[in-house]
Amino acid sequence: MQVAQVGSGVSGSRGRGGGRLSAAALGAVPPPLMVMVGVISVQVGAAFAKQLFAQAGASGVVAMRLLFAALILLAVYRPALRADWRTLRVIAGYGAVLAGMNACIYQSFERIPLGAAVTIEFLGPLAVALFGSRRKLDVVWAVLAGMGVFLLSRVEGGLDWVGVLFALAAGACWAGYILLGAKLGSRTTGGSGLALAMAFGALLATPIGIAEAGTALLNPTVLVAGFVVALMSSVIPYSLELEALRRMPARVFGILMSTEPAVAALAGLIVLHELLTGWQWMAIGCVVVASVGSVTTTGKPEESTDPPAN
């Protein structure tokens with residue numbers, strides 16, 4: 001779910017990036033466990049990021065996350081800057097979508113519960129999985145996902161619509177991230193393209209973060225917390241998922257990734273004490289079932305379990 005849509009179904013991973021962990025160190029770890037640890041890491045990291053909003057603001061936290069992730073990627077891959085104009089455009093577009101995705105979802109986190117925001121955002125990769133399909137069964141998954149979004153609003157006072165719109169925008173960026181990831185993978189090797197794209201995204205996000213957070217970004221405690229968020233939300237999950245994809249079918253990977261909305265809701269409950277209504281839990285269940293259904297009922301054969309080059 002990382003750099004591009006892998007296999008079929010919902011398997012693109014939003015706003016992440018990092019170096020691979022040692023394959024030898026992970027050799028004894030079952031691939032499904034690696035995926036689930038990655039999912040938990042990114043959502044708990046999001047919950048911790050939300051706690052930083054009071055000190056650095058949503059834009060400031062986005063800037064720290066992208067900047068630290070970019071520095072790690074650049075240090076690991078040391079990409080060359082030699083590239084043709086078309087490749088540079090893909091890298092810039094990928095980086096811009098990456099920055100927009102993180103900025104929008106963090107703005108959404110600031111306004112609505114974590115679980116609700118991630119559930120709405122998840123419509124982006126689900127739409128990519130369903131778009132263009134002529135199977136009648138996919139209409140069922142689309143309707144189920146739409147029902148989930150409707151149920152999310154079934155709470156007294158409703159959700160903050162600005163937060164909902166930001167989550168939808170993050171989902172649109174996530175869809176673009178998946179589609180551009182395929183182009184990035186075809187034009188770059190190793191992690192060079194991702195490193196440069198992350199750096200470009202950080203370049204776009206940092207001025208906005210500085211404008212909002214100001215001198216708070218010079219606070220050592222805030223910087224350390226931002227670095228931890230970058231590790232939990234970017235480096236650790238990306239590394240685990242990339243290694244898992246080398247050892248498991250892409251369809252199984254997609255099913256495991258479909259648990260993200262539910263894990264986000266649990267992270268919000270445990271870390272942030274964000275309570276959801278029964279309707280909202282049912283909504284999350286609808287989106288998760290729609291995502292799993294779109295993956296498991298696809299008729300496309302899996303050609304390879306290897307992740308695309310990034």
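Nothing in this text is a laboratory measurement; each read-out follows from the coordinates by a stated rule. Predicted model only: the values in this text are computed from it and were never measured. Here the Cβ positions follow ideal geometry from the backbone for every residue, glycine too, while neighbour counts run over all protein chains shown.
Given Cα pairs under 8 Å that are at least 6 residues apart, what percent is the relative contact order of the range 48-185? Don't skip to the answer; put the middle values down first.
On the way: 117 pairs, mean separation 51.6, N = 138.
It rounds to 37 percent for the range 48-185.
Packing, as the average of other Cβ atoms within 10 Å across residues, places the peptides 162-171, 117-126 in the order 117-126, 162-171, highest first. Projecting the Cα atoms of Ala92, Ile105, Ala264 onto the dipole axis of the range 29-296, where Lys and Arg carry +1 and Asp and Glu carry -1 at the beta carbon, places Ala92 farthest toward the positive end.
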